Amino acid sequence: MKKILAILLIGSAATALAQGPKGKQPKMAPVLSPGYYVNLKGDTIRGEVQSNPDEEIFLYQKLMFKAKGAGKLAEISDKKAKAYGYDNNHFLLVPFDQETNVYLKYLTRGRLNFFEYKYAVSEGGQEVIKSMYYIQDTKAGDEDKGLRELTKISQNFYKKDIKPFLKDQAMLWNDLDKFKFDLPVIVKTIQEFNKMYEGN
């Protein structure tokens with residue numbers, strides 16, 4: 001019995017130490033990846049981007065950046081960067097509403113750009129991460145110039161929303177499932193569409 005009690009006490013002490021003062025959860029050490037950001041003048045600044053923020057949605061709001069030769073990370077917001085990236089992840093700053101700008105993540109790019117935006121909502125007292133998806137046709141003709149604007153894709157009726165963007169390749173649109181929003185399949189379909197227009 002004494003051995004069990006000693007083990008429990010040691011375990012409790014270890015947990016308290018891991019949590020730090022006042023039960024705070026420990027923060028992970030920053031993981032830095034080679035990256036860049038594009039400032040408001042259009043200059044590309046190279047350095048390292050923190051790829052493991054404490055909250056995933058942080059990447060859609062700002063970035064932690066370490067410039068070459070700098071000693072520590074600095075927070076870069078929409079007031080300084082209109083785009084950024086690291087590894088194979090690239091983000092573009094867009095207006096979200098009249099007061100807020102956010103970063104959208106490219107899921108694929110080409111003639112059609114397909115983006116994801118992640119945000120947190122409270123459901124049943126717990127924080128849940130959800131996603132919104134946007135698409136745009138960068139080479140839409142004048143008769144379809146509205147397709148050049150970012151268009152939100154409903155996950156319930158996504159096939160109807162995406163049809164105008166894939167109309168030039170109806171076969172690809174027809175192959176999509178009518179009811180199931182399958183993100184990897186949608187990304188692959190858009191990538192196949194873009195391959196048909198590479199170099200044009």
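The values are calculated or read from the model by the stated rules, or taken from the named source; none is laboratory data. Please read all numbers here as calculations on a predicted model, not as lab measurements. Every residue, glycine among them, receives a Cβ derived from its backbone with ideal geometry; neighbour counts consider all protein chains shown.
Can Q191 be described as surrounded by 12 or more Cβ atoms within 10 Å (Cβ to Cβ), in contact with a strand residue (DSSP E or B) (Cβ under 6 Å, 6 or more places away or on another chain) and in contact (Cβ under 8 Å) with a residue 60 or more places away in the chain?
yes
Can you report the number of residues in the range 113-130 which are in contact with a Lys or Arg (Cβ under 9 Å, 6 or more places away or on another chain) and under 24 Å from L147 (Cα atoms)?
4
Here are A83, A70, A120: which of them is at negative phi and in a loop (DSSP other than H, G, I, E, B)?
A70
Output the residue which, of all residues in the range 147-186 that are assigned to a loop (DSSP other than H, G, I, E, B) and among the basic types (K, R), is surrounded by the fewest Cβ atoms within 10 Å (Cβ to Cβ).
Here the residue is K178.
Consider only pairs whose beta carbons are under 8 Å apart and that are at least six residues apart or on different chains; among these, list those whose first residue lies in the range 69-81 and is assigned by TED's automatic domain parsing to the domain that holds N52 and whose second residue is charged (D, E, K, R).
Note: pairs meeting the criteria are K72/K66; L73/K66; A74/K66; E75/K62; I76/K62; S77/K62; D78/K62.
Which residues, counting only those in the range 37-56, are under 19 Å from F115 (Cα atoms) and surrounded by 16 or more Cβ atoms within 10 Å (Cβ to Cβ)?
Y37, V38, S51
Would you pick out the residues in the range 161-174 that are among the charged types (D, E, K, R) and within 24 Å of the chain's Cα centre (by Cα)?
Passing the criteria: D161, K163.
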